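Reviewing the structure listed below.
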Amino acid sequence: MTTTPVLIVGAGPTGLTAACVLWDLGVPCRIVDRRSGPGIAPKGLVLWSGALECLDRVGVAARLAETALPLAGGSYWSKGKRIAGVRFGGLTGTAFPGPLCVPQPVTERALHARLEELGGTVEWETEVTAVTVNRGGPEESATVTMKAAGGEETLTVPWLVAADGARSLVRDTVNIPFEGHTFDRTFLIGDGLLEGASPEAEVQHHITPDGVLVIVPQPDGHRVFFDMEPDDWLEPPSEQLLQRLLDERGPGGLRLHGTWWTSRFRVHAKVAPRFREGPVLLAGDAVHAHTTAGGQGLNTGVQDGYDVGWKLATVVRGGDPALLDSYEAERRPASVRAVANGDQQTRMWLLRNPAARLLRNTVMRFLSVTGLLEKKALPLLAQLDLDHSGSPAVAATDAGAGVPRVLRPGRRAPDAALTPLHGTVAESLHAHLAAGRHTLLVYGAQAAGESAVRVAQTVRDRGMADMARVLWIRPADMTAGHLPNSPQLPQDGGTLAVVRAQDDTLGGSGAQWCAYVRPDGVVAACSGPDSLDTLLTRLPSRPARPAPVPAVRP
């Protein structure tokens, strides 16, 4: 038996995100991977706003942005003519208005470095060979057998996160099926230098009767992507084959050379019917497989990792275990939507019937000209508009009088311009929430401030100052009045912050309300000021129990 509260299997972007969140919220965990180190294959390329917000909360988005290529837009071509296009970078209410091109190894290295900064480490060359779910006792657990260079180890953990990819041994062991279909096409990818390409960072889709060509700009080159009839070849495609397809389907004048990665594969559209088996929670490619369209697989996996991370950390630190019932309830619908979106795009690429192709081109022209393509497609790809209002981790939407309409339980908290007064330098609500903590918002005049002081002291008394925050938001016209003062909070270390709203987005001078915002930025409950203590019960109630940090294995 071990005192490690959480074991994570798989140190790709999903597992690393979960590990970073756990360590950041005060819960040490172990993370193992059968590989010898971070991945080198640039599988995923594009990070959209929803995933970038998660990566920002764990402290890696800024370092990724330093070398990333902001993508300017996407276009669709048929018979050598541009039929539709969208512009990126126009999403509002987020610090990441457009997608960034970041090869997956860069993301993995940044997350790995962040994990080590937080005190964690990955146990490489450690393979899980068996998993048993233990039931019938006072608490469920999972017993895991692992094989490494130093020998075999068997341990029992309260919680197991399976982020071990599409061929997940853990998923198979706990008898969760993988439902969906595989496209009857072979897909080819080549990353290299592309002479003659447009200088604009635009993703181009050339849709021909013989198949599709997708060109994706990268920081140091381009990716070309094709489909073709299935064959028995297993080895990666040659540069000569990729060039031939490029000549046949492209606009002409393009030359691919210096390829550093090529791949031949099949694509799937699959989602597991369950994301949990007792103490085993599955995430990322282990429970959803996407086509390459829109780059949704990596993004959905990162958000899985963030979600399972903060929820497990909350439960380990004394929160209600029922919180974990919301993991599948929230992440599976998001995964189904992302997989369906990619599946639909891929089917559209692969249309062969001339009449169907003509109809597709006509509809896309109309959607592009009217702006509907941009309006509808980008929020789907960015995954910022998820609705968790039916989740067991979200209170009923009837919050009572005084709560502004922009605060919608189950949705991301709206952004609002703020003037920092005490305990924070954040100049917007989103900037304050980017710390990824449980946050109680208290809005109103001086009486609200006194309530905020009391609640902040309660948070500190529970030993949760590293995991929870209280934010008193003063109305925009409230320039007078003293700041909260308490002898128990001479230097509160950020537990209590005070800001002034710069406008009436969150309510006027007479408004009073309070809200609980989860670490993922989702509003979970709203109420009048008299119910602040009720909201406080949603926070965990005890500090983390120290867990041994495993030695790094050779």
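Bear in mind these aren't lab numbers, they're just calculated from the coordinates by the rules spelled out. Only a predicted model underlies this, so the values are computations on that prediction, with no experimental measurement involved. We place every Cβ from the backbone using ideal geometry, glycine too, and count neighbours over all the protein chains shown.
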Task: Listed peptides 83-94, 208-219, 102-113, 295-306 by packing density, highest first (mean Cβ within 10 Å) - done: 295-306, 102-113, 208-219, 83-94
Task: Distant alpha-carbon pairs in segment 282-391 (separation over 25 angstrom), percent - done: 35 percent
TODO: Using only Cα atoms, figure out Rg for segment 418-536 and give it as a multiple of 2.2 N^0.38 Å.
DONE: 0.94
Open item on the list: Need one number: the % of Cα-Cα pairs in segment 204-285 sitting beyond the 15 Å mark.
Closed with: 66 percent
TODO: Would you mind counting up the charge near GLY180? Only other residues with Cβ under 12 Å from its Cβ, with Lys and Arg at +1 and Asp and Glu at -1.
DONE: -1
Open item on the list: Could you order the peptides 244-251, 221-228 from most to least packed, using the average number of other C-beta atoms within 10 Å per residue?
Closed with: 221-228, 244-251
TODO: With no solvent and one equal point scatterer placed on each C-alpha of segment 1-130, evaluate the Debye formula and give log10 I(q)/I(0) for q = 0.14, 0.16 Å⁻¹, two decimals.
DONE: -0.69, -0.83
Open item on the list: From the alpha carbon gyration tensor of the chain, can you work out the equivalent ellipsoid semi-axes (sqrt of 5 times each eigenvalue) and give them in Å, largest to smallest?
Closed with: 42, 30, 20
- [ ] Take the alpha carbon atoms of segment 317-474, find their radius of gyration, then divide it by 2.2 N^0.38 Å using N residues; give the quotient.
- [x] 1.45
Task: Angle between the chain longest axis and helix 354-370 axis [Cα atoms, degrees, rounded to 10] - done: 40 degrees
Task: Least to most buried among TRP159, TRP472 (fewest other Cβ within 10 Å first) - done: TRP159, TRP472
TODO: For every other residue with a beta carbon closer than 13 angstrom to the beta carbon of GLU330, add +1 if it is Lys or Arg and -1 if Asp or Glu, then tell me the sum.
DONE: +2
Task: Protection proxy ranking, peptides 522-530, 124-132, average beta carbon neighbours within 10 Å, highest first - done: 522-530, 124-132
TODO: For every other residue with a beta carbon closer than 13 angstrom to the beta carbon of ALA72, add +1 if it is Lys or Arg and -1 if Asp or Glu, then tell me the sum.
DONE: -2
